[in-house]
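Here is the structure we will look at.
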Amino acid sequence: MEFNKHLITTDDPDNLHLCFTLDSRTYAVNAKNVLEVTTLPLINAPQKLPEYIVGILDYNDLFINVIDIRKVFNLPEKKYELTNKIIILKGEESLFAIIADAVTNFFTASPSQMQRVMGESAGNIIKVFYKLDENIVNIIDIASIEDSVKKVHSQENKTDYSLLFPQDEESVCILQRRRNEIAKTPALHMEADIYSKDQYVVFRLGEHMYCLYFYYIKELINLKNYSLTKIPYAPEYIVGIINLKGSFYSVLDLKKFIGLQTKDENRNLDEGRVIVLESTELKLALWVDDILDIVNIAKENIETKNDQRLDSLFIKSEAYIDREIYNILNLDKLINDERLYIDTSNQ
């Protein structure tokens, strides 16, 4: 049996699209323009703003415009909710964000599968559409949004966007917390050259302690700081996809994948930590219970095991340091597990 296609496939990344909704309408943007998707934060609103601009967002030390895309499409005004999403986009000349009701899924469609819109539609921002599962998806042209906003910079904004945000004290606190989190640089970002060649990251899965060689790690993140997009019909151990600096990673519930989670165990995604892997095989991130430490483990302290019980827990070797046992994750076995691939041998 051959497994040669990724479970969550991005074989055609240039034509991968992210879907979002406004009322009952479905829209999409090219995923290569998407830097991040997150829940609605509080947005700073200077006194004078051009039309369409809700306010200014501090994003990784950059101040970017947040656009009310409903205004661009001449849709009825609608108050924002805590469940609204913002999609941070990279245009040809600038970064900006748009507010959406919800982010739904991903799809891949080459230009030959799209149909051109006849005449002008939504200020000529929507030039093509795509039929997805009997639904019409309007594809937004990012460059056209930038041009539209430029044209109205001289116009006075007559909408008081601050009144569209939730006004109760609890909601305002939530929005403020989100704004502060977006402005922060991820606290656990790892730069490989900082660490020595013998360093490992220690993490916990239930009562089991694992460690992973830092060379295989791209970044360590708190999942609560990122928007997780659920994938329809994905196995239960794939909890969704996150966007990390423009790349999409499948989030694997490592505890469930290995078989350490009991059926009645209730776990909160917001409380978990994620290890983003540096791998050319899969864009994969591991959801673990906690990340505990970074330790030095010399090669002479590592003992390779030939134990079927340990192998079933994806443990290839053990290290002994200060009377503590460290289980070293067998990453090769993990990323080559057939459950992460679709069987295409009969297609």
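What follows is calculated from the coordinates using simple rules that are stated; it is not laboratory data. The shown structure was predicted, so the numbers you read here are calculated from the model rather than taken from an experiment. Every residue, glycine among them, receives a Cβ derived from its backbone with ideal geometry; neighbour counts consider all protein chains shown.
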A chain fully extended from Ser162 to Lys90 at 0.36 nm per residue, minus the present Cα-Cα distance, gains in nm 23.4 nm
Computed from the beta carbon distance with a Förster radius of 25 Å, FRET efficiency for Asn268 and Asp322 to the nearest 0.05 stands at 0.20
Given backbone amide H placed at 1.01 Å from N, residues whose amide H is under 5 Å from that of Glu36, ignoring those fewer than 5 places away on the same chain, are Ile88
Of the residues Asn266, Asn243, Leu284, the Cα lying farthest along the dipole of the stretch 192-343 towards its positive end, which is defined by charges on the beta carbon of Lys, Arg, Asp and Glu, belongs to Asn243
The exposure ranking of Lys32, Lys131, fewest beta-carbon neighbours within 10 Å first, is Lys131, Lys32
Once Glu300 and Arg177 are pulled to full extension, the length gained, defined as 0.36 nm per residue separation minus their Cα-Cα distance, is 39.7 nm
Toy charge model, Lys and Arg Cβ at +1, Asp and Glu Cβ at -1: the stretch 197-297 dipole around Cα centroid in debye, rounded to 20, equals 300 debye
When Ser112, Ser250, Ser162 are arranged by how many other beta-carbons sit within 10 Å of their Cβ, fewest first, they go Ser112, Ser162, Ser250
Going fewest to most other Cβ atoms within 10 Å around each Cβ, Arg273, Arg323 line up as Arg323, Arg273
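For the stretch 53-120, take the alpha-carbon Rg, divide it by the Kirkwood Rh, and send me Rg/Rh.
Over the Cα atoms of the stretch 53-120, Rg/Rh equals 1.02.
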